[in-house]
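Each remark here refers to the structure printed beneath this line.
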Amino acid sequence: MSDAPRPAEADGASFADETSVVRRAELSAGASAPPIYRAVRSGLDAVGARGGLFVDLGAGSGALWEHVRDVCSEYCAVDVVRYEGLPPSARFVAADLNRPPVALPGGCADAVLAVEVIEHLESPRAFVRELVRLARPGGWIVVTTPNQVSFLSVLGLALKQQFVHFSGSSYPAHLTALLPIDLLRMAEENGLGRAALSWSLSGRIPGTARHWPRFVSRMWPRLFSDNVLLIARKPL
């Protein structure tokens, strides 16, 4: 069986039609930066998140699996296409995340993770409601997205009137810019508890391809991290 990208079923015509969604998925390359995955694992460790099924929405090639394989007994990758490199042990579910629900039962997951996914979607709030639906009572929800309040991002907005993570070649893969407060508000809207933000502790220096020294990002994580993470718990 080929690992070539295979589109999920879709109907109707819109910006989120099958061709557009698959194209934007391909633009994402199916993976995020290692500091983001490390931030996810740190967030899970901080709250003691362990369990059976972890559902990775917008999983891409499944790079997150290496970071969570020892804290879950089953890993399910959900995406609009099946990427090459997806771990053989991973379960795969095809889904257009702009068109919930995903073909998984409600309350099935001990953790539902969306790493650098929400910014690709047309309706972030509908997406968060789907994360909540999939999580079991007491389960954890993790969302990461580009940090729009970083020094880099605010400078780009001031100089170019657009966020750096949503300019140039980032569009149309990146559609929806969210502030950290938006993540907290969506958690509150869905009745999630223990909602907290953390940061990737890795940020690019404006005008260069280099990153701030790690001690700088640790001292001022909000300003010098390219990505923000929300972790919250579904009520029992």
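We did not get these values from a lab; they are worked out from the coordinates using the rules stated. Please read all numbers here as calculations on a predicted model, not as lab measurements. With ideal geometry, Cβ positions are generated from the backbone for all residues, glycine too; neighbour counts draw on all protein chains shown.
Amide hydrogen proximity for residue 211: with H placed 1.01 Å from N in the peptide plane, the residues at 5 or more positions away or on another chain lying under 5 Å are 205. Helical content of the chain, expressed as a calculated mean residue ellipticity at 222 nm, amounts to -8000 deg cm²/dmol (DSSP H runs of 4 or more residues, -39,500 (n - 2.57) each, divided by residue number, nearest 500).
Can you give the translational diffusion coefficient of the chain in µm²/s, computed by Stokes-Einstein from the Kirkwood radius over Cα pairs at 25 °C and 0.890 mPa s?
The calculation lands on 137 µm²/s.
Overall, the range 18-233 carries a charge dipole of about 500 debye about its Cα centre when +1 sits on the Cβ of Lys and Arg and -1 on the Cβ of Asp and Glu, all other atoms neutral. Other residues within the sphere of radius under 14 Å centred on the Cβ of residue 147, judged by their own Cβ, net out at -2 (K and R +1, D and E -1). Along the range 192-208 the Karplus relation, 6.51 cos²θ - 1.76 cosθ + 1.60 evaluated at θ = phi - 60°, assigns HN-Hα couplings of 6, x, 6, 5, 8, 9, 9, 9, 6, 6, 8, x, 7, 6, x, x, 9 Hz to successive residues, with x for each Gly and Pro. If you run the Gaussian network model on the chain, springs between alpha carbon atoms under 10 Å, then out of 190, 147, 98 the most flexible one is 190. For the chain, the membrane-span-like helix rule (DSSP H, alpha carbon extent of at least 27 Å along the helix axis, mean Kyte-Doolittle at least 0.0) picks out no helix; this says nothing about an actual membrane. Remark: the residue 222-residue 176 segment gains 14.6 nm on full extension, using 0.36 nm per residue and subtracting the alpha carbon distance. Estimated at 0.36 nm per residue, the fully extended path between residue 42 and residue 73 surpasses their Cα-Cα distance by 9.3 nm. Sorting 123, 225 from the fewest to the most surrounding beta carbons within 10 angstrom yields 123, 225. Here's the picture: charge each Lys and Arg Cβ at +1 and each Asp and Glu Cβ at -1 in the range 121-217, and of 164, 154, 202 the one pushed furthest to the positive end of that dipole is 202.
Whole-Hz Karplus values for the range 219-228 come out as 6, 10, x, 5, 7, 10, 10, 7, 9, 10 Hz, taken residue by residue from phi with 6.51 cos²θ - 1.76 cosθ + 1.60 and θ = phi - 60°; glycine and proline positions read x.
Highest mobility in the GNM of the chain, judged by mean-square fluctuation with C-alpha springs under 10 Å and restricted to 145, 208, 176, is found for 208. When the chain is treated as a GNM with alpha-carbon contacts under 10 Å, the residue of 159, 44, 183 showing the greatest mean-square fluctuation is 159.
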